[in-house]
Amino acid sequence: MTSLAEALDAEREKRRRDASDAATRREVGRAVLQVLAQRLNAEPLPAWYFVSRGDDILVAHSDGTAGRRHVGTWTVDHEMRLVLNQEMTEWITAESCARVVDEAVQITARFIVDMENRAIASHREAS
């Protein structure tokens, strides 16, 4: 039979481990986001900005008229995947880190081209 003292000790230990695991996941997520931000900013693109804020990367676009406009955000979800709007990468693990960053760069490229194509279509409709 388990005593209340034993159950309390077990629950306190479980919560300490859970808090430690959550802190580790946040640190890993921040590190991967930092690497991604460095990759996205390695070759500056005219009118596109990637602002690292620790727990996310703000994606902004400038069309030359209204200044910078926030168009997306890279984050790490609760399952340890990078997420930009509805797109997400595979899970972040020690083995997949480089693949995840590469995948996020490819997702960002698709996102930019989609935004550019929408702007062109919108401009044509307005003409």
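The values are calculated or read from the model by the stated rules, or taken from the named source; none is laboratory data. A quick note: this is a predicted structure, and the numbers were derived from the prediction, not measured. Counting neighbours? That spans all protein chains shown, and the Cβs are built from the backbone with ideal geometry, glycine included.
Listing for the model above:
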| item | result |
| --- | --- |
| Pick from segment 26-73, criterion among the small types (Gly, Ala, Ser) and surrounded by 16 or more Cβ atoms within 10 Å (Cβ to Cβ), ranking: farthest from VAL101 (Cα to Cα) | ALA60 |
| Selection within segment 34-55 - over 18 Å from VAL113 (Cα atoms), part of a strand (DSSP E or B) and touching a helix residue (DSSP H, G or I) at 6+ places or on another chain (Cβ under 7 Å) | SER52 |
| Residue match in segment 104-116 (condition: part of a loop (DSSP other than H, G, I, E, B) and out of contact with any Ser or Thr (no Cβ under 7 Å at 6 or more places or on another chain)) | no |
| Qualifying position, being assigned to a strand (DSSP E or B) and either of a type in the set (S, T, N, Q) or loosely packed, with under 14 Cβ neighbours inside 10 Å (or both), among GLU79, GLU95, GLU90 | GLU90 |
| ALA66 being closer than 21 Å to PRO44 by Cα, part of a helix (DSSP H, G or I) and either within 14 Å of the chain's Cα centre (by Cα) or of a type in the set (A, V, I, L, M) (or both) | no |
| Where a residue in segment 1-12 is part of a helix (DSSP H, G or I) and its partner, wherever it lies, is modelled with pLDDT under 95, with Cβ under 9 Å and at least six apart | ALA10/THR2 |
| Single residue of segment 98-127 satisfying the filter (among the β-branched types (Val, Ile, Thr) and modelled with pLDDT of 95 or more) that is surrounded by the fewest Cβ atoms within 10 Å (Cβ to Cβ) | VAL113 |
